[in-house]
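Chemist: First the structure, then my questions, so here it is.
Laboratory data are not the source of any read-out in this text; all were calculated from the coordinates shown. Quantities reported herein were computed from a predicted structural model and do not represent experimental measurements. In this analysis, Cβ positions are derived from the backbone assuming ideal geometry, glycine residues included, and neighbour counts consider all displayed protein chains.
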């Protein structure tokens, strides 16, 4: 625990799931029951305890009482909540209140939530509530940070520069004032610039070019985050150069923050000594989050720069058929909503707000590295790059990439914000057509292709209300409609124009339907499948087993 006065609570995010939007929820089994019933093997107790253990199949009677439910049918299980809402036996507000109790009860029963970044994961529908401010950007950076990385400008990223590193002269001319004006017009408020730490070891011409580029940044009204890259420097020089870089950043008006080369305490101390009030980011990955408070050393002006790269493991990138490719994108769409949980965890339990510095792009593999192995880039051919041409003119891929972008943006803005992987790449082909893997990492191309959500301060609160559309089996293929036989109209005839039965003499009204009785056994529950309930749970648990394995981590791609 941190010094927060109020213990963090995991609750339904009412800005997403509420009495109005719950009617639009398509699959409660996948969105709610799967992640909750996967915690503690579905078991929980009340706080204070009442001597009983409950689960997804047996909820406390007090849930209904506490929500003010006056139902003609007792609520016997979690599935009954939405089943009876669909039957108008309880209100939509009652249903949300009871689901909220369900979320809170499971979270309170879960062990070691202060060490688990995903303990409050309910498919993006729950939030970790605490005293911490998790969305206010530091210093002169706007909230939320909506940045783009100038990939390959000073630190080589060969996928962005057509396989060849830029010379210093090329770096000075790679970005014009028009580039930054276009970023600003799109809604970008900052740029992240990776720079070599070696440039600050002694007076270096690279610093002059950095200053030149920063003048364009300032003229456009943007702010810069300098990201120090320590490649090829020995530890002693890393410490010394970090102090010099921090002093440079603190005295350069266009620079709003500095990302340190590593999380070592001596690095942080050196930077803070040189720049007492400069906002500093420490570079971390998911494994660092439970120790963020230690890494920040209690400095309130230290923040986390998180690498959320989603294309670094065989499980992420492997696919050998068109169906595998589509399923992989569906998987990444789903994971995007889950990723709000670690951002809120870091702010609430570690008191260190998080900026997603790497990992926001529309790629789902490492195909940009396929032809760069000789240059030292890691790539193993798991079949993931064999069918990219199939995606170029595909409506299916277009629609799901839009969904992927929206879900990432909705999640990452639960923290400090994000930086897109690159602004542009030297592809040499027409802008706005995603005809190469590298363009999926270039915001200029992604936006021109209509894949990026609007950045005009709009919110995307509803993007994670439902799972991604699970239409990956057919893709762009469609089934030809088969006309069904017309209904039996008895003594009348079927009117194809009005799609109703016509009669010379209308028949008497049908008898009223029998009273609806709620399911009473597990078999009945599976047959009923109320409002996407336990039947969806079975599918959901299978999917969540994949997501949970992501949380625990896979081996990195072999070298």
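Chemist: On C-alpha positions alone, give me the angle between the axis of helix 340-349 and the longest principal axis of the chain, in degrees, nearest 10.
Modeler: 70
Chemist: What does the helix-only formula give at 222 nm for the chain: each DSSP H stretch with n ≥ 4 adding -39500 (n - 2.57), the total divided by the residues, and the result rounded to the nearest 500 deg cm²/dmol? Numbers along the way, then the final one.
Modeler: Numbers: 17 runs with 181 residues, N = 559.
Per the formula, -9500 deg cm²/dmol.
Chemist: Provide, in order from the shortest bin, the percent of all Cα-Cα pairs of the stretch 269-346 in each 5 Å bin, continuing until the bin that contains the maximum pair distance.
Modeler: In whole percents, the pair-distance histogram is 3, 12, 19, 17, 13, 11, 9, 7, 5, 3, 1.
Chemist: Further, regarding this structure: What are the semi-axes of the equivalent ellipsoid of the stretch 9-125, taken as the square roots of 5 times the eigenvalues of the Cα gyration tensor, listed largest first and rounded to whole Å? Could the numbers behind the result be given before it?
Modeler: Values: eigenvalues 93, 60, 27 Å².
Value: 22, 17, 12 Å, ordered largest first.
Chemist: Taking the Cα atoms of the stretch 152-309 alone, what are Rg (to one decimal) and Dmax (as a whole number) in Å?
Modeler: Rg and Dmax of the stretch 152-309, Cα atoms, are 15.6, 43 Å.
Chemist: Sorted from fewest to most neighbouring beta carbons within 10 Å, what does the list 145, 81, 433 look like?
Modeler: Values: 145 28, 81 31, 433 14.
Ordered by Cβ neighbours within 10 Å, fewest first: 433, 145, 81.
Chemist: Could you put 239, 191 in order, starting from the residue whose Cβ has the fewest other Cβ atoms within 10 Å?
Modeler: With the fewest neighbours first, 239, 191 line up as 239, 191.
Chemist: Then there is this: In nm, what is the difference between 0.36 nm times the number of residues separating residue 131 and residue 62 and their Cα-Cα distance? Could the numbers behind the result be given before it?
Modeler: Working: separation 69, 0.36 × 69 = 24.84 nm, distance 2.84 nm.
The residue 131-residue 62 span can extend by a further 22.0 nm.
Chemist: Moving on to the next point. Suppose the chain between residue 373 and residue 456 were pulled fully straight at 0.36 nm per residue; how much longer would it get relative to their current alpha carbon spacing? If you can, show how the numbers build up before the last one.
Modeler: On the way: separation 83, 0.36 × 83 = 29.88 nm, distance 3.97 nm.
That works out to 25.9 nm of additional length.
Chemist: Based on alpha-carbon atoms only, what is the radius of gyration of the stretch 145-448 relative to the globular estimate 2.2 N^0.38 Å? Display every interim value, and only then the final one.
Modeler: Working: Rg = 19.0 Å, N = 304, 2.2 N^0.38 = 19.3 Å.
That ratio works out to 0.98.
Chemist: At what distance in nm do the modelled label points of residue 164 and residue 294 sit from each other, each positioned 7 Å from its Cα along Cα→Cβ?
Modeler: Once both label points are built, they end up 4.7 nm from each other.
Chemist: Once label points are set 7 Å from the Cα along Cα→Cβ at both residue 211 and residue 236, what is their separation, rounded to one decimal in nm?
Modeler: 2.9
Chemist: Count the DSSP beta bridges whose two residues both fall in the chain, then state the antiparallel fraction as a percent rounded to the nearest 5.
Modeler: Numbers: 10 of 43 bridges.
Antiparallel bridges: around 25 percent, rounded to the nearest 5.
Chemist: Length gain on complete extension for the stretch residue 469 to residue 495, per 0.36 nm per residue less the alpha carbon to alpha carbon distance? Please list the in-between numbers first.
Modeler: Numbers: separation 26, 0.36 × 26 = 9.36 nm, distance 3.43 nm.
Between residue 469 and residue 495, full extension yields an extra 5.9 nm.
Chemist: Please give the helix 177-186 orientation as an angle from the longest Cα principal axis of the chain, in degrees from 0 to 90, rounded to the nearest 10.
Modeler: For 177-186 against the chain, the angle is about 20 degrees.
Chemist: Going by C-beta contacts inside 10 Å, put 288, 52 in order with the fewest on the left.
Modeler: Values: 288 18, 52 10.
In increasing order of surrounding Cβ atoms, one gets 52, 288.
Chemist: How big is the Rg/Rh ratio for the chain, C-alpha atoms only, Rh by Kirkwood, two decimals? Spell out each step's value before the answer.
Modeler: Numbers: Rg = 26.9 Å, Rh = 25.9 Å.
Using only Cα positions, Rg/Rh for the chain is 1.04.
Chemist: Also: So how tilted is helix 395-412 from the main axis of the chain? Cα-based, degrees 0 to 90, rounded to 10.
Modeler: Roughly 70 degrees, rounded to the nearest 10.
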